[in-house]
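Just so you know, all these numbers are worked out from the coordinates, no wet-lab data involved. Remember, predicted model here, so these are calculated numbers, not experimental data. We place every Cβ from the backbone using ideal geometry, glycine too, and count neighbours over all the protein chains shown.
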């Protein structure tokens, strides 16, 4: 309870602090989803190289309270935010009070998240999660996805122990009371490689095409977009240059990220950057482009599972601001 109260307090403090600051033309506030990492490298590259400035923009990257990016974005206290398709769904599918947010770019072309466990656990496929302890966020989507993959593999989901996990990192969780946990391979999976930890990994996007959703994405405030289309295009033009640079020069891009976040593990950042270099754009025609059918597949499944108030299908995103 104390954690929840503290989180709420931080969110409202952040809203008050940012909301009272004066905005000038060309001022862009981008709320990150978490602490700086290789998902954000293109933004830091564009900032460091002066590409936002070339577009006449003054960009500030804001680190949010936990899970606070969409809150700040929807309240008009930011123009863009890094978030996730699976988290956006419930926010934009409300019959009333839907948040005014929309995805405008995919940071990574395909889902690189999945379920990680220590090799010694013997969890090699979804059915093996039966009778095990799964470290979960407090999100219905997580429970529904785990249920789907376990039962489709012939396992007993009712015997899976879903445990709310507040561990600082995945390995801390796996060394305590958790057998398996949802991670992003580009960070925790690569960290296992760097530190020589043997793991098993279940790739969600490859396991089921409906779970090859877009995570993370860059979202924008729709009310702001209506009056600032050209500014949005300028922002995404510079951001695209940043991610294309990270694709072509992953080591140099990693060093730029480390300049802005020197507390990060250098070997992990470099290896993670090399892993993501071929995955930012992937098989898309251009960096950031979202495929309507794949986007909609996940939301249609979510609606069928009762996770969304209405079937938004392929709604909730646009490619029109990409260069």
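Between residue 153 and residue 49, full extension at 0.36 nm per residue minus the direct alpha carbon distance yields a gain of 32.7 nm. The relative contact order of the chain comes to 27 percent, based on Cα pairs under 8 Å that sit 6 or more residues apart.
In the chain, the DSSP-assigned H stretches of four residues or longer account for a calculated mean residue ellipticity at 222 nm of -12000 deg cm²/dmol, using -39500 (n - 2.57) per stretch and the full residue count as denominator.
Entry note: segment 113-211 has Rg to Rh equal to 0.93, where both radii use alpha-carbon atoms and Rh is the Kirkwood radius. Computed log10 I(q)/I(0) for segment 231-323 at 0.26 Å⁻¹: -1.17, from the Debye equation with unit scatterers placed on every C-alpha and solvent omitted. Between 0 and 90 degrees, the angle of helix 2-19 with respect to the longest Cα principal axis of the chain falls at about 20 degrees. Could you please state, rounded to a whole Å, how far the C-alpha centre of segment 226-300 is from the C-alpha centre of segment 149-208? First find each Cα centre; the distance between them is then 24 Å.
Considering all alpha-carbon pairs of segment 19-166, what whole percent are spaced by more than 25 angstrom? Above the 25 Å cut-off, segment 19-166 has 45 percent of its Cα pairs. Here the relative contact order of segment 169-275, from alpha carbon pairs under 8 Å that lie six or more residues apart, stands at 27 percent.
Helix 140-152 and the longest principal axis of the Cα set of the chain meet at an angle near 40°.
Entry note, segment 128-206: relative contact order of 34 percent, from Cα contacts under 8 Å with a spacing of 6+ residues.
Taking a ≥ b ≥ c as the square roots of the eigenvalues of the Cα gyration tensor, an a/c ratio of 1.5 or more together with a/b no larger than b/c marks segment 210-261 as oblate. With a Förster radius of 30 Å applied to the beta-carbon distance between residue 311 and residue 127, the computed FRET efficiency rounds to 0.50.
Measure nothing fancy, just the Cα-based angle from helix 292-304's long axis to the longest principal axis of the chain, in degrees from 0 to 90, nearest 10. So the helix axis and the longest Cα principal axis differ by about 50 degrees. Springs between Cα atoms under 10 Å define the GNM used for the chain, and in it the highest mean-square fluctuation of 247, 217, 149 occurs at 149.
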